[in-house]
Amino acid sequence: MALIDWLGDLVPRLHRAFIEGSRWKLYLQGLGTTLEMTVIALIFGVLLGLIVAVVRTAHDQQRPGRRNPLLGFFNALCNLYTTVIRGTPMMVQLLIWSFVIFKTSRNKVLVGIIGLGINSGAYVAEIIRGGLMSVDAGQSEAGRSLGLNYFDTMRFIVIPQAFKNILPSLGNEFITLFKDTSLVQAIGAAELTYYAFTIGGRTFDYMPPLIGIALMYLVVVIIFTWLQSKLERRLRQSDRR
């Protein structure tokens, strides 16, 4: 009997949370902002991570007795960056970006993108570095024998081969970053979780909005996972040909 009463009360609660006042539009708006933040932050993170990974890989692959001091300096900076970012919570980093570095900025979505992108770049750097190191050293030597310099060898020979190795990890980073965007509501960025809390505050009922966005996150992650697995299958098929 209690279950029937609970189910009977659930319908008006869902109506208030999603239908009344066209509140479903706020969820879609928040989801669009969340996806936008995820894509831009990941692109930023991949570019930053690629630079860091190439610098660190170039430093590690130097021949004994032929160390470049300038490269060593940049490698130390990259190592410091990855250590600090990976060693501190993302929430703390977002708070520092919002309330210390960009404390006068009102564009909290942009601040969130910067914070997420810099955080993601540290993890992507290690993913890419692992992929670059996994490529056989003979590939680099073959590029050098053809007259290519270090960066052309990386660009045309090593990175394309490493991409297939790191694709699953990059896909997982994208999914993790998508879910981590929920943290930016702590700095006032109007994304999916922010609107759920806003609607919950208006209706004095947080259960329907939070369960609703949890399902939205889950559906999007399932779609991303399916697309990633499909791309991986196509790459494996191209290797067999």
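The values are calculated or read from the model by the stated rules, or taken from the named source; none is laboratory data. Since this is a predicted model, take the numbers as computed values, not measurements. Here the Cβ is made from the backbone with ideal geometry for all residues, glycine too, and neighbour counts use every protein chain on show.
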Problem set entry | Output for segment 31-42, where each listed residue is small (Gly, Ala, Ser) and either within 17 Å of residue 175 (Cβ to Cβ) or in contact (Cβ under 8 Å) with a residue 24 or more places away in the chain (or both) | 41
For this session: Please state which of the following conditions residue 181 fails to meet, knowing it meets all the rest: (1) more than 24 Å from residue 45 (Cβ to Cβ); (2) hydroxyl-bearing (Ser, Thr, Tyr); (3) buried (at least 21 other Cβ atoms within 10 Å of the Cβ).
Result: (1)
Problem set entry | residue 135 vs. criteria surrounded by 12 or more Cβ atoms within 10 Å (Cβ to Cβ) and either touching a Gly at 6+ places or on another chain (Cβ under 9 Å) or among the hydroxyl-bearing types (Ser, Thr, Tyr) (or both) | no
Exercise. Does any residue of segment 148-169 turn out to be part of a helix (DSSP H, G or I) and under 25 Å from residue 91 (Cβ atoms)?
Worked result: yes
Problem set entry | Members of segment 29-58 that are under 28 Å from residue 150 (Cα atoms) and either touching a Lys or Arg at 6+ places or on another chain (Cβ under 9 Å) or β-branched (Val, Ile, Thr) (or both) | 43, 46, 49, 51, 52, 53, 54, 55, 56, 57
For this session: Would you mind finding the one in 45, 72 that is surrounded by fewer than 17 Cβ atoms within 10 Å (Cβ to Cβ), touching a residue at least 12 places away in the same chain (Cβ under 8 Å) and in a helix (DSSP H, G or I)?
Result: 72
For this session: Return a yes/no flag: does segment 162-173 have any residue that is free of Cβ contacts under 8 Å to residues at least 24 places away in the same chain, surrounded by 14 or more Cβ atoms within 10 Å (Cβ to Cβ) and more than 20 Å from residue 25 (Cβ to Cβ).
Result: yes
Seminar exercise, completed: In segment 184-207, anything surrounded by fewer than 19 Cβ atoms within 10 Å (Cβ to Cβ) and either in contact with a helix residue (DSSP H, G or I) (Cβ under 7 Å, 6 or more places away or on another chain) or part of a helix (DSSP H, G or I) (or both) is listed as 186, 188, 190, 197, 198, 200, 201, 202, 203, 205, 206, 207
Problem set entry | Selection from segment 1-38 of residues that are within 16 Å of the chain's Cα centre (by Cα) and either modelled with pLDDT under 95 or surrounded by 14 or more Cβ atoms within 10 Å (Cβ to Cβ) (or both) | 31, 33, 34, 35, 36, 37, 38
Exercise. Can you find even one residue in segment 116-130 that is part of a loop (DSSP other than H, G, I, E, B), out of contact with any Asp or Glu (no Cβ under 8 Å at 6 or more places or on another chain), of a type in the set (Val, Ile, Thr) and at pLDDT below 95?
Worked result: no
Exercise. Just a yes or no: is a residue in segment 77-89 free of Cβ contacts under 8 Å to residues at least 60 places away in the same chain, over 16 Å from residue 190 (Cα atoms), of a type in the set (Ser, Thr, Tyr) and not in a helix (DSSP H, G or I)?
Worked result: yes
Problem set entry | Selection within segment 90-116 - among the basic types (Lys, Arg) and either surrounded by fewer than 16 Cβ atoms within 10 Å (Cβ to Cβ) or free of Cβ contacts under 8 Å to residues at least 24 places away in the same chain (or both) | 103, 106
Problem set entry | Tally, over segment 47-84, of residues that are under 19 Å from the mean Cα position of the chain (by Cα), within 18 Å of residue 162 (Cβ to Cβ) and among the aliphatic types (A, V, I, L, M) | 6
